[in-house]
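Engineer: Next up is a structure, given as structure tokens.
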Amino acid sequence: MSSSPRVQPAPLTGLKRYLPADHSSVVFDGGFWQGWSETVRNVTIPTQHKRLEEEGFLEVLDFDRPAGPLVRPIQPSGLSMQHFFDSDFGKWIEAASYTLKAHPNAEIEAKIDDIVAKLEQGQMADGYLNSWFIRREPEKRWTNLRDLHEMYSMGHLLEGAVAYYEATGKGRFLDVMIRAVDHIIDTFGREPGKLRGYDAHEEIELALVKLYRVTRDPRHLKLATYFVDERGQMPSYYDEEARNRGEDPQDYVYKTYAYSQAHLPVREQQQVVGHAVRAMYLFSAMVDLAVENGDPVLKEACERLYDNLVGRQLYVTGGLGPSASNEGFTREFDLPNETAYAETCAAVALGFWSHRMAQIDLNSKFTDRLETVLFNGALSGISRDGEHYFYENVLESHGQHRRWKWHYCPCCPTNIARFITSLGQYFYSTKDSELAVHLYGTNSAELMIGDTFVRLKQETQYPWDGDIRLQLALEQPSHFTLHLRIPGWCRSAEILVNGMAVDLGACVTNGYAAITREWRNGDEVRISLSMPVDRIYAHPAVSEDGGRVALRRGPVVYCVEETDLGGEPQRLRLPATSEISARYDAGLLGGAAVLEGTALEAEDAGWENALYRTAPPALKKRPFKAIPYHLWANREAGAMAIWLQES
């Protein structure tokens, strides 16, 4: 019998938040997300495990054999991707676990159990668990938190263990990871004899809060709090450990600890900097800790940093981090298109952060970003067939970008998989006698609002259509408040309850319409969100997008692909007055709304043997079609552009 505790909702000891729905209580039984959910469950999860086997990842768990040749060689920086292979197992187990509760699968469960058995076998007597150091360099463990991702990897294993326990009730993996956490507690902290360190790649912090919400062990919350509070304190622990290794801290390849958000204490940080994924994981943990510890200063820091990101550093797709050199941020308003890094993992992690923020303050500005990420900057990271991916999500290409089956550093495939397989939790949340509907899409949900059990049926063709129908099934009448999000992109909305119009002017606060009444079995809510084609313009400081326009309809950002145009979209000029219409194309990659209109195209005529001339090119009219950005690079290779020149 496992010694792991039973899962319970965490006590709300600090800032009161809305509690997200259990993802397994929301079933996508039609519409947009049904197809994606089934693809990820039936194709992505099995093929990712196959890739882990084919690429030699699982070999690192053969602890009873001598370590073989490196699958990923040591880089000039001294780092191998193999240092953090454990994180990929953790994320895969987490993603797979999210599917098991509603869709039991003995074969997938057996694969997880096999990985868990090997991890348990290899775990050191004191609880330490990292396949690289156990097999290759046990004497060097905990000597380079700045570069080698030890706790990052343990954090992803911990998230996987929590998800597997919640899905199956099996506690073996959770027990393994609690022993690993016990070892970390014994090793790190401000007490005498402990190391005053913290991992440069954030992740363990938010994983520890997830563990705390299962175990209620205050040591787990205390450790997460320590790691966040210690971050950025000076003198830097990373300087100390570098000198202990016999290295000069000035030789650090990234030169500044802003790379890992360790340049200042977190409550003093004013701007989102450094590695994008690390930042998003850190800020997600900060929200969790602000809630659990009742820390308004930490919450204020999150709000300040969120506004900086969204107002000055975020791509129109919800992508973030323009630079490949640091996988992150450069300067404000630096948003290049063709060289955009915009890592899939970063967009997914922004979804985590946005969702957490919305559970404290019910404000659509947070959920709007979550929705943008879902339909654009994260979803673009996986192909429609469910087994090809993007690491970088550029906003423009001349055909050189193609999806790959696996990557040298395959962190993104498992990240987008766990995002989609846990999607139900992002749709609804509850607090006391309140139910918040954050996202729209066909699904059936079973929810508890206080002591009231409610079945909620949502029917819609969203995001291709703005009409949504909600049906409520209750065993007895119940008085509660239903919060319905009115997206920020929507300029005109209508809500009917049992055919009677709701006065939105009187009930909308921060983008959510609050309808308080006695709800009865069979009540119906109709929502109509106007969904015209919007022309989007960038801030004048985003120099690369000057004179350009992007197209958006509802939450979906569009792009033009060469395969539809028959030429490079970079040569198009979109007249400011041209009409653009939407049409549902059932034959496009499972069905999607496309945009169609007439543009101008620069001609080659008269430019023979001339690279420059004094007269501009002639322009001719030509029809064009734009497709959802998340569907690009699923067909023939070719150029693509989101931002089009406007004339």
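Engineer: Mind checking which pairs have a first residue in region 470-494 that is in contact (Cβ under 8 Å) with a residue 60 or more places away in the chain and of a type in the set (Gly, Ala, Ser) and a second that is part of a loop (DSSP other than H, G, I, E, B) and crowded, with 18+ Cβ neighbours inside 10 Å, Cβ under 7 Å, 6 or more apart or different chains?
Structural biologist: Every condition considered, the pairs that remain are Gly488/Gly511.
Engineer: Further question on the same structure: In region 220-263, what residues are more than 19 Å from Ser77 (Cα to Cα), among the hydroxyl-bearing types (Ser, Thr, Tyr) and either out of contact with any Phe, Trp or Tyr (no Cβ under 9 Å at 6 or more places or on another chain) or not in a loop (DSSP other than H, G, I, E, B) (or both)?
Structural biologist: Correct list: Thr225, Tyr226, Tyr237.
Engineer: May I ask you to say which residue of Ser444, Ser422 is surrounded by fewer than 24 Cβ atoms within 10 Å (Cβ to Cβ), touching a residue at least 24 places away in the same chain (Cβ under 8 Å) and more than 16 Å from the chain's Cα centre (by Cα)?
Structural biologist: Working: Ser422 fails: more than 16 Å from the chain's Cα centre (by Cα).
Result: Ser444 is the single residue among Ser444, Ser422 that is surrounded by fewer than 24 Cβ atoms within 10 Å (Cβ to Cβ), touching a residue at least 24 places away in the same chain (Cβ under 8 Å) and more than 16 Å from the chain's Cα centre (by Cα).
Engineer: Looking only at region 542-591, count every residue that is more than 27 Å from Gly488 (Cα to Cα) and either assigned to a strand (DSSP E or B) or assigned by TED's automatic domain parsing to the domain that holds Gln313 (or both) and tell me the total. If you could, list the steps in order and put the result at the bottom.
Structural biologist: Pass one, region 542-591, residues more than 27 Å from Gly488 (Cα to Cα): 561-573, 586-590.
Next cut, either assigned to a strand (DSSP E or B) or assigned by TED's automatic domain parsing to the domain that holds Gln313 (or both) only: 561, 572-573.
Qualifying residue count, region 542-591: 3.
Engineer: Could you list all residues from region 408-424 that are in a helix (DSSP H, G or I) and under 17 Å from Glu327 (Cα atoms)? Give the derivation first.
Structural biologist: Step one: of region 408-424, the residues in a helix (DSSP H, G or I) are 411-421, 423-424.
Across region 408-424, the qualifying residues are Cys411, Cys412, Pro413, Asn415.
Engineer: Additional query: Mind checking whether some residue in region 329-338 is in contact (Cβ under 8 Å) with a residue 12 or more places away in the chain, within 26 Å of Val560 (Cα to Cα), touching a Gly at 6+ places or on another chain (Cβ under 6 Å) and surrounded by 22 or more Cβ atoms within 10 Å (Cβ to Cβ)? So that I can check it myself, show each step before the final result.
Structural biologist: Narrowing region 329-338 to residues in contact (Cβ under 8 Å) with a residue 12 or more places away in the chain: 329, 332-338.
Remaining after also requiring within 26 Å of Val560 (Cα to Cα): 333-338.
Subset that is touching a Gly at 6+ places or on another chain (Cβ under 6 Å): none.
No, the conditions are met nowhere in region 329-338.
Engineer: Next question, about the same structure. I need the full set of residues from region 567-603 which are surrounded by fewer than 10 Cβ atoms within 10 Å (Cβ to Cβ) and over 35 Å from the mean Cα position of the chain (by Cα), in order please.
Structural biologist: Thr577 - this is the single residue of region 567-603 that is surrounded by fewer than 10 Cβ atoms within 10 Å (Cβ to Cβ) and over 35 Å from the mean Cα position of the chain (by Cα).
Engineer: Which ones in region 62-97 are buried (at least 19 other Cβ atoms within 10 Å of the Cβ), modelled with pLDDT under 95 and aliphatic (A, V, I, L, M)?
Structural biologist: Result: Met81, single match.
Engineer: Within the group Arg573, Arg526, which residue is closer than 28 Å to Thr460 by Cα, among the basic types (Lys, Arg) and either in contact (Cβ under 8 Å) with a residue 40 or more places away in the chain or out of contact with any Lys or Arg (no Cβ under 7 Å at 6 or more places or on another chain) (or both)?
Structural biologist: Values: Arg573 fails: closer than 28 Å to Thr460 by Cα.
Every option except Arg526 fails the conditions.
Engineer: Right, here's the next one. Quick one: is Glu459 closer than 16 Å to Phe32 by Cβ, part of a strand (DSSP E or B), touching a strand residue (DSSP E or B) at 6+ places or on another chain (Cβ under 8 Å) and in contact (Cβ under 8 Å) with a residue 40 or more places away in the chain?
Structural biologist: Judged against the criteria, Glu459 is a match.
The values are calculated or read from the model by the stated rules, or taken from the named source; none is laboratory data. Predicted, not measured: the structure shown is a model, and the values here were computed from it. In this analysis, Cβ positions are derived from the backbone assuming ideal geometry, glycine residues included, and neighbour counts consider all displayed protein chains.
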